[in-house]
Amino acid sequence: MMSRQAFLCSLGSLYLSLLFVFLLMDVYARPANNSALKEKAADSKDENEILPPDHLNGVKMEMDGHLNKEFHQEVFLGKEMEEFEEDSEPRKNRKKLMAIFSKVDINNDKKIGAKEMQRWIMEKTDEHFQEAVEENKMHFRAVDPDGDGHVSWDEYKIKFLASKGFNEKEIAEKIRNNEELKIDEETQEVLDNLKDRWYQADNPPPDMLLNEEEFLSFLHPEHSRGMLKFMVKEIIRDLDQDGDKKLTLSEFISLPVGTVENQQAQDIDDDWVKDRRKEFEEVIDANHDGIVTMEELEEYMDPMNEYNALNEAKQMIAVADENQNHHLELEEILKYSEYFTGSKLMDYARNVHEEF
């Protein structure tokens, strides 16, 4: 019986195709119900990152329409997320978390309010933005061999096909001579979709040449309002079953019968559906009419939307606010550390007093 992973791969969308490309290049891909693992081998990162990544740090939804399970950690920890490893000593992680608490608590009243958390979320999201900008500079140089400050579609296509195992010199010569390229159907489909995306990133007047800023929009659509709209269209195209360019709850959470193999897989899917239902009803569907429009999804996806950041701050506080004072104390954050950092800190109450 077909597994859900097999089902998802069968959707044939651009971004799932790119995910398959990652697998072929021996890059870790996330399971269907989890966010992408972002650990990549250092010696292959440049090559892999010429592809638009499926996972965008600080964005609430993956490019293939799945919820970003690490979102809360990304907007709470920023670049420090890498420091909270599962095998790290709890005592070290407590100290890191206490230091973060002090930074968020800008008025030093020993508790964090919604406005303080909103400010911190915006700051950490911008941190991810700046990180993407710096990485883009390196990736742009890798695909701009002549250093003229522009990358043509043909230059990019050569690098892309080289990353797929084609001989770079042979491909370049065939493209120069307008010779036919013998490319498998799947690779050609990915190329066609990438070309559409290239067009979208190419600011007027269109010339099929991308400068560094346009290339950033190509790789990271969250940096461009126009590309953000394009990403939303792609997600809706993948999930919209009746072609009305809107999403109903059933479309957003649908899992065809027979896509799970056993009870354990069914339990995982039940959790997946529960998470998506909650996000649809409580967050994405802003006017609660049971329909998500492109405009609603675009606002939801926009990582620099201050209103969304405030709502996210309130939601994050509500998760750990045990005394219901609409603020977070240090003890509450330590107790719910797994939600904020992905790291579970044992004996938090005893140890926090030891630290003081």
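Listed by first and then second residue, the pairs with beta-carbon distance under 9 Å, at least 6 apart or on different chains, first residue in segment 150-173 and within 21 Å of residue 202 (Cβ to Cβ), second open to solvent by 50 Å² or more (accessible area, probe 1.4 Å) and assigned to a strand (DSSP E or B), are 150/209; 151/209; 152/209; 153/209. One residue stands out in segment 276-297 among those that are assigned to a helix (DSSP H, G or I) and open to solvent by 60 Å² or more (accessible area, probe 1.4 Å): the one that is nearest to residue 228 (Cα to Cα), namely 295. Number of residues in segment 136-185 that are open to solvent by 50 Å² or more (accessible area, probe 1.4 Å), of a type outside the set (A, V, I, L, M, F, W, C) and over 26 Å from the mean Cα position of the chain (by Cα): the value is 21.
Could you please let me know if residue 322 is on the phi < 0 side of the Ramachandran plot, open to solvent by 20 Å² or more (accessible area, probe 1.4 Å) and assigned to a helix (DSSP H, G or I)? Step through it out loud before you land on a result.
Numbers: on the phi < 0 side of the Ramachandran plot: yes; open to solvent by 20 Å² or more (accessible area, probe 1.4 Å): yes; assigned to a helix (DSSP H, G or I): no.
No.
Among the residues of segment 298-307, those that are open to solvent by 40 Å² or more (accessible area, probe 1.4 Å) and in contact (Cβ under 8 Å) with a residue 24 or more places away in the chain comprise 304, 306. Quick one: residue 219 ticks every box in (1) more than 19 Å from the chain's Cα centre (by Cα); (2) closer than 16 Å to residue 53 by Cα bar one, so which box is it? Against the list (1) more than 19 Å from the chain's Cα centre (by Cα); (2) closer than 16 Å to residue 53 by Cα, residue 219 comes up short only on (1). Looking at segment 325-353 only, could you name the residues that are in a loop (DSSP other than H, G, I, E, B), in contact with an Asp or Glu (Cβ under 9 Å, 6 or more places away or on another chain) and at pLDDT 95 or above? Correct list: 327 only.
The values are calculated or read from the model by the stated rules, or taken from the named source; none is laboratory data. Everything numeric here is computed off the predicted structure, so don't read it as measured data. Neighbour counts run over all protein chains shown; Cβ positions are idealised from the backbone, glycine included. Calculation scope for accessible area: heavy atoms of the full protein, side chains included, ligands and nucleic acids excluded. Shrake-Rupley method; radii C 1.70, N 1.55, O 1.52, S 1.80 Å.
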